[in-house]
1. Give the range A:18-45 a look and list any residue that's surrounded by fewer than 12 Cβ atoms within 10 Å (Cβ to Cβ) and touching a residue at least 12 places away in the same chain (Cβ under 8 Å), or say none.
2. Taking the stated definitions as given, is A:SER159 closer than 30 Å to B:MET48 by Cα, touching a strand residue (DSSP E or B) at 6+ places or on another chain (Cβ under 9 Å) and of a type outside the set (Val, Ile, Thr)?
3. Looking at the range B:279-332 only, could you name the residues that are assigned to a loop (DSSP other than H, G, I, E, B) and open to solvent by less than 40 Å² (accessible area, probe 1.4 Å)?
4. Select from the range B:101-132 the residues that are among the β-branched types (Val, Ile, Thr) and more than 8 Å from every other protein chain (Cβ to nearest Cβ) and list them in ascending order.
5. What are the pairs with Cβ atoms under 6 angstrom where one residue, in the range A:77-88, is more than 9 Å from chain B (Cβ to nearest Cβ) and within 13 Å of B:PHE100 (Cβ to Cβ) and the other, located anywhere, is open to solvent by 40 Å² or more (accessible area, probe 1.4 Å) and hydroxyl-bearing (Ser, Thr, Tyr)? Sequence gap at least six, or different chains.
6. Is it the case that some residue within the range A:144-159 is aliphatic (A, V, I, L, M), away from chain B (no Cβ under 11 Å), open to solvent by 10 Å² or more (accessible area, probe 1.4 Å) and out of contact with any His (no Cβ under 9 Å at 6 or more places or on another chain)?
7. Which of the numbered conditions does B:GLY195 fail, given that it passes all the others? Conditions: (1) at pLDDT 95 or above; (2) touching a strand residue (DSSP E or B) at 6+ places or on another chain (Cβ under 6 Å); (3) buried (at least 21 other Cβ atoms within 10 Å of the Cβ).
8. Pick out the one residue from A:ALA128, A:ALA89, A:ALA171 that is open to solvent by less than 30 Å² (accessible area, probe 1.4 Å), closer than 27 Å to A:ALA282 by Cβ and under 11 Å from the mean Cα position of the chain (by Cα).
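The values are calculated or read from the model by the stated rules, or taken from the named source; none is laboratory data. These figures come from a predicted structure and were not determined experimentally. Here Cβ is always computed from backbone atoms with ideal geometry, including for glycine, and neighbour counts include all displayed protein chains. The protein model used for the area step is the full one, side chains on, heavy atoms only, and it has no ligands, DNA or RNA in it. Shrake-Rupley method; radii C 1.70, N 1.55, O 1.52, S 1.80 Å.
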2 protein chains.
Amino acid sequence: MHPRQSPTIDAVARAAGVSKTTVSHVLSRKRPVSQTTRNNVLTVMAEMGFEPNYFAQALSADRSFAIALIVQDLTNPYYPLLGRGLERAVAEAGYVVMLFDGAAQAEATEMAVRVALQRRVDGIVLAATVSEVSAAELRRAGVALAVVGSNPTLAEFDSVSADDERLAADAVGLLLGAGHRRVATIAGPANANPGGRRLRGYREALRAAGVSPELVMVATGDWTREGGEAAMASLLDRSPRPTAVFCANDLMAIGALDAALARGLRAPDDLAIVGVDDIDAAGLVRPSLTTVRIPSLEIGRTAGALLLNRLAHGGGAAVRHVLIQHSLVIRQST
Amino acid sequence: MHPRQSPTIDAVARAAGVSKTTVSHVLSRKRPVSQTTRNNVLTVMAEMGFEPNYFAQALSADRSFAIALIVQDLTNPYYPLLGRGLERAVAEAGYVVMLFDGAAQAEATEMAVRVALQRRVDGIVLAATVSEVSAAELRRAGVALAVVGSNPTLAEFDSVSADDERLAADAVGLLLGAGHRRVATIAGPANANPGGRRLRGYREALRAAGVSPELVMVATGDWTREGGEAAMASLLDRSPRPTAVFCANDLMAIGALDAALARGLRAPDDLAIVGVDDIDAAGLVRPSLTTVRIPSLEIGRTAGALLLNRLAHGGGAAVRHVLIQHSLVIRQST
């Protein structure tokens, strides 16, 4: 499928007006080359039909110049922006992004980790929960890894996350500050990242405010709109019912709004609701959703920067856990 | 970064209870192996720490077993589902998906095509508009290509798309059937795919219904919510203003709703609005959006199937242009 004949590196260097060494560096990526020079050389290569043998390069360098992105659910709008941030961060350094979606099922994640390692990716951004089996494989492989979210079982790897306990406490604080005492939560799966931490932030905020432990009301969803709707229905069956709900992500909060509306309850008068993420839909629903904004583009970019740093400095670099700043976006649902 | 020692193929075959040939076929992908057997062999390999040298395999086969997905804008919810459909279709055959986002800028698309070819991907799914330069490079490379949308300049390649003229005519027909005569359109860029075809469908539907040519009102957006808002503002400046608007995608339709609301006009009483895609947000906005549903998961899956077929049968296979069925989803905005 690649039938053309390729000109020499010498010819490319002459045409681009750079040294042969610079062309080699663009190809090997072993030395930094400015983005402008790099683009110029690549453009000349394309015009001349130059075709380096990528596989031979990769074999000799034992590097694929590929980063695997493993995400829980690409249709959750949080992840496309994360992917964009990652791609922008690593593309400049000559890396491509391999996409593994649908890691909501444990089996799919295990297979994604396996395939990524088999393809000898140079790094993995893991934005999904992994099993012990996968965690062990990742450790054994010694691959560069950036974990999105704070995952205690992978604490020896670089990570980037929102401050999940703190953001949950801030959201609950907003509800408590408005006078609510019967504040429930729709949590993500507690064994999964970041469900556990946001749940802990919720509990801690109630405790710190002196709210009686009997008023702690927890329902669990699966991060989807449908899951939030079901969880909200179960909360509304309680008597007395909550007057405010902190939902661990926006999709579940939107499902919660659906469930409330189905019982004739309106936000914010009958029920105040807060989500997390600030996906586009949060501003589109009526009432629009008060939420905690997490800048997913920046999280993706930071994950890329962590990997590039790790790849440049090897296993010796100190492990970094980066926390990304969140903010409260006040809309109509509170 | 890959320090472990690998067991032999013989040892893997014994442990998996299959022949050495089967293990080779799983690795080379040159012969089909059932999904169950394949997963079993891969699991055993992972457990034993077997590490085939992927680069050496790729070099000898001159195949990367990677498909590039080049998309216009991954944050448009149409594309994540398309990506999911593609990944599911090709993963079973042992291919990974390389993601290139942000091809809304012509320069980014050219670079994506270039990098994908340089990486010697086996196939490309092109869900973005490409320049003549990129089109020429794709032709010269002889790479397997599946075009999403109907692109006349790439008509010699396989494609999958909605029937864009027909769906536009159906949407406009809905508005005409409700008695509207002043039906405007917010089109996508006319030189870009599928903007031109949907615009033609709009014009054709008005002509067929005997609507006077002076009542053809076209504003152009850039597929984004902001672009739709600006286009709608320009339409509402006309006198007399349109009573109905066909928007070439949902994001622009949602922007159009914003612009109408900003002038105190409410859908559907003051203005009827129809979009295209049926993204999640179409059901979330108030009034909820009547739209043409395009099953993007199926489009992605079909693109993958076209590539697999092309890779199996080579350049000799007949070129296929697959049309995917659309449907009208009637909600509150009409």
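1. A:LYS30, A:GLN35
2. Yes; evaluated as a whole, the condition is true for this residue.
3. B:ILE279, B:VAL285, B:PRO287, B:SER288, B:LEU289, B:ILE294, B:PRO295, B:ALA317, B:HIS326
4. Passing the criteria: B:THR109, B:VAL113, B:VAL121, B:ILE124, B:VAL125, B:THR129, B:VAL130.
5. The qualifying pairs do not exist here.
6. Yes - at least one qualifying residue is present in the range A:144-159.
7. Evaluating B:GLY195 over (1) at pLDDT 95 or above; (2) touching a strand residue (DSSP E or B) at 6+ places or on another chain (Cβ under 6 Å); (3) buried (at least 21 other Cβ atoms within 10 Å of the Cβ) leaves (1) as the failure.
8. A:ALA128
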